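Scroll down for the structure; my scribbles are underneath it.
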Amino acid sequence: MTVVGLDDTDSRERGMCTTYLATLVAEAIEAAGGQVERRLLVRLNPAVEYKTRGNAALALHTNLSPEDVLAIAVEELEPLAETSDPRTSPGVVVAPGDPDAVPDAVSSFTTRAIRSLVDTDDAVELADSAGYLHRGWDGGRGRIGALAAVGAWAALEEWTYEHIAYREFDRCGTLRDVDIESVFDAAADHYPEAWDTVDTVEGQAVCVPNAPGPILHGIRGDDPDAVRSLSAAIDSEPVERRATFLTNQGTDIHLRDGTLGSLEADGAYRVDGVVVAAPETRRGGHVFFELGSADKRGDADNGVDGDSDESIACAAFEPTKRFRDRVRTLRRGDELTVCGEFSDGTLKLEKFAVRELNRTELVTPTCPDCDRTMESAGRNQGYRCRDCRTSAPGKTESVIDRDLERGWYEVPPCARRHVAKPLVRGGFDAPVHPER
């Protein structure tokens, strides 16, 4: 058995797609008399600054020799990789042996590449020490993802599926001709086995990309037959070829458990805390609030912001659309688990769980005799009824209605990261409120 990993052949502006290249390599392997046992699409750390788009690396498991596979991969890659883009830096890594039996250092590298930042030198050194063949172009940064894809089968336990339909290659750069009504009909028929195909509220066909490139549409889900069936039901321009990938998309594998005060930049975390500063909408429609540690609950209830060392800003940016309305309803004292990418002192929300809601607020007391609202008796002197002269030492607690319930809330499909887990997939530790 041989595993070939590929990465960083596409471009934000000029298109191409590493999944398309991997599909061509798979076809060339089969044309050479080999077999492709499986195809992996591995999403790496979404916080990487130099990623081209979704930060995906690809791996193929085949029975050809490493030397033959490397020659085929190079032959297919060189004419198509968008190396004229300064951000594009392709790489190929070829590993002999069973994909289950890669060295522990390689499978650990996969996890690091998904959850943190690694550099090219680390990837090259590890590939050399493992005896792997590799090639790089224009710096060969793609060897990071290629090596991570090689180790993915051993490193990861949870897999979903994506079925990709590719358009005729000479149509790349033109508007895609896809019947949106057929997409919505097919999505409804196959939900929830296939998810994030459309956003029913925003009216978007999420499965149809906007970027230039050969992908016509990509269907994600938990069942390979469902994603293929949904794809086949979509009316569109001619499909040149199709491929189904096993993938870590929709698994939350990028999230690490973290604590306030110890989060590292450019990683994604799951963090518990208390709202210590109420949400505010800022310029551009972005919504921010402050999350403090659990021992700041009393401070939050009293309207005191958390210490900077023990609190972080959490943000729901404008592209998350209606998710911002959920965030706006949070109050001081709400206990949460928040998930998202952390950078520049801010956690970019992907989802959050309400653990406990602050259902009370302090209000001016009401006179028990005449039911009139009392007035302040002066600084630090409590309150007094103007008519009855009844007094009260301070404000009283009043129960309020909340628009939120306990459980998980998420960004809508149109704003979801590839690797983030949709609530509809289940397995969460509280009730879920999925977005469709």
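Order the peptides 399-408, 282-291 from the highest to the lowest mean number of other Cβ atoms within 10 Å of their residues.
Sorting 399-408, 282-291 by mean packing, highest first, produces 282-291, 399-408.
List the residues, sorted by chain then number, that are 5 or more residues from Gln204 or on another chain and whose placed amide H is less than 5 Å from its amide H.
The list, which skips near neighbours in sequence, is Asp199.
How do 386-398, 133-145 rank on mean C-beta neighbours within 10 Å, highest first?
133-145, 386-398
With the dipole of the chain worked out from charges on the C-beta (+1 for Lys and Arg, -1 for Asp and Glu) around the Cα centre, which of Phe245, Val201, Leu175 lies farthest toward the positive end?
Most positive-ward Cα: Val201.
Taking Cα atoms, how many degrees apart are the long axis of helix 66-80 and the longest axis of the chain, rounded to 10 and kept between 0 and 90?
The helix 66-80 is inclined about 70 degrees to the chain.
Applying the Karplus parametrisation 6.51 cos²θ - 1.76 cosθ + 1.60 with θ = phi - 60° to the phi angles of the range 114-126, what ³J(HN,Hα) value in whole Hz is obtained for each residue in order, glycine and proline being reported as x?
7, 10, 8, 9, 10, 10, 5, 4, 4, 5, 5, 4, 5
For a Förster distance of 41 Å, can you work out the FRET efficiency between the beta-carbons of Asp98 and Ala430, rounded to the nearest 0.05?
0.55
Give me the accessible area per residue for the chain, probe 1.4 Å, as a whole number in Å².
Averaged over the residues of the chain, the accessible area is 43 Å².
Quick one: 3J(HN,Hα) in Hz for the range 414-422, Karplus 6.51/-1.76/1.60 with θ = phi - 60°, rounded, Gly and Pro as x.
Each residue's phi maps through the Karplus curve to give 5, 10, 6, 5, 4, 8, 6, 8, x Hz.
Provide, for the chain, the number of lysine pairs with alpha carbons under 19 Å apart, each pair being eight or more places apart or on different chains.
Close lysine pairs under the 19 Å cut-off: 6.
Mind listing the phi-derived Karplus ³J(HN,Hα) values for the range 356-364, rounded to whole Hz, using 6.51, -1.76 and 1.60 with θ = phi - 60°, and x for any glycine or proline?
9, 9, 7, 9, 10, 9, 7, 10, 4
Using unit Cβ charges (K, R positive; D, E negative) and no other charged atoms, how large, in debye to the nearest 20, is the dipole of the chain about its Cα centre?
1560 debye
Would you mind checking which residues have amide H under 5 Å from Thr390's amide H? H placed 1.01 Å from N; only 5 or more apart, or other chain.
Under 5 Å from the amide H of Thr390: Cys385.
Once the mean 1/r over all distinct Cα pairs of the range 360-399 is inverted, what Kirkwood radius in angstroms do you read off?
Evaluated over the range 360-399, this radius sits at 10.0 Å.
Given H placed on each backbone N at 1.01 Å, which residues far from Leu216 in sequence or on other chains put an amide H within less than 5 Å of it?
Ala165, Tyr166, Arg167
Roughly to the nearest percent, how much of the accessible area of the range 110-162 is carbon and sulfur, given a 1.4 Å probe?
Reported share for carbon and sulfur atoms: 41 percent.
If you count, for each residue, the other Cβ atoms within 10 Å and average over each peptide, how do 319-325, 365-371 line up from highest to lowest?
Sorting 319-325, 365-371 by mean packing, highest first, produces 319-325, 365-371.
As a check on your grasp of the helix formula, calculate [θ] at 222 nm for the chain: sum -39500 (n - 2.57) over DSSP H runs of n ≥ 4, divide by the residue count, round to the nearest 500.
Value at 222 nm, helices only: -6500 deg cm²/dmol.
Determine by what factor the alpha-carbon radius of gyration of the range 312-436 differs from 2.2 N^0.38 Å, reporting the quotient.
Normalised by 2.2 N^0.38 Å, the Cα Rg of the range 312-436 equals 1.50.
Quick check: residue separation of Thr259 and Val201 times 0.36 nm, minus the Cα distance between them. What number comes out in nm?
Taking Thr259 through Val201 to full extension adds about 17.5 nm, to one decimal.
Measuring from centroid to centroid over Cα atoms, what is the spacing of the range 136-203 and the range 61-114 in Å?
19 Å
Please identify, among Leu347, Leu77, Leu58, the residue showing maximal mean-square fluctuation in a Gaussian network model of the chain using a 10 angstrom Cα cutoff.
Looking only at Leu347, Leu77, Leu58, the biggest GNM fluctuation is shown by Leu77.
Taking each pair of distinct Cα atoms in the chain once, what is the resulting Kirkwood hydrodynamic radius in Å?
Across the chain, the inverse of the average 1/r is 23.9 Å.
Around Ala130, what is the net charge, scoring Lys/Arg as +1 and Asp/Glu as -1 over all other residues with Cβ under 14 Å from its Cβ?
Local net charge: -4.
Report, to the nearest 10°, how far helix 143-155 tilts away from the longest principal axis of the Cα atoms in the chain, using its own Cα long axis and a range of 0 to 90°.
80 degrees
Tell me the net charge near Pro412. Cut-off is 13 Å between Cβ atoms, Pro412 excluded, with +1 for each Lys or Arg and -1 for each Asp or Glu.
So the surrounding residues net to 0.
Run the quick spin-label model on Glu356 and Asn210: label points 7 Å from Cα toward the beta carbon, then report their separation in nm to one decimal.
It works out to 4.2 nm between the two label points.
The values are calculated or read from the model by the stated rules, or taken from the named source; none is laboratory data. As the structure is a prediction and not an experimental result, all values here were calculated from the model. Please note: Cβ atoms are built from the backbone with ideal geometry, for glycine as well, and neighbour counts cover all protein chains shown. The protein model used for the area step is the full one, side chains on, heavy atoms only, and it has no ligands, DNA or RNA in it. Shrake-Rupley method; radii C 1.70, N 1.55, O 1.52, S 1.80 Å.
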